[in-house]
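All remarks here apply to the structure that follows.
The values are calculated or read from the model by the stated rules, or taken from the named source; none is laboratory data. What you are looking at is a predicted structure, and each value in this text was computed from that prediction instead of being measured. For the accessible areas, the whole protein counts, side chains as well, though only heavy atoms, and no ligand, DNA or RNA atoms are used. Shrake-Rupley method; radii C 1.70, N 1.55, O 1.52, S 1.80 Å.
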Amino acid sequence: MRHIAVLAVAAAIGWTFNALAQDAEALLKKEGCMKCHSVSAKKEGPAFKDVAAKYKGKPDGAATVQKQITSAPSHPHVKTKNEKDVKAIVDYVLSR
């Protein structure tokens, strides 16, 4: 019985992360990020997996990526001012 409960919780967590990833992917498309970036291949901008690797384990990684996508002069800024959406984008990119 205990194993079934553990499996149910694991499935719910997996479904939640999948739903959040789908929301973030839709947001990335809406914001125009996918015009210059992709998850695994370099385009005009770096692949998300390369960004994630660059900042993996760095305590200021999320803050650096957030600054890059919201205020760096060398990068087109995301249009949303919603902090939750910006965090979702940053979390998605760094999770690749």
* Could you look through segment 53-72, keep only residues that are open to solvent by 70 Å² or more (accessible area, probe 1.4 Å) and outside any helix (DSSP H, G or I), and pick out the one that is nearest to Asp85 (Cα to Cα)? => Asp60
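Look at Ala12 and say whether it is small (Gly, Ala, Ser), open to solvent by less than 30 Å² (accessible area, probe 1.4 Å), at pLDDT below 95 and part of a helix (DSSP H, G or I).
Details: small (Gly, Ala, Ser): yes; open to solvent by less than 30 Å² (accessible area, probe 1.4 Å): no; at pLDDT below 95: yes; part of a helix (DSSP H, G or I): yes.
The answer is no for Ala12.
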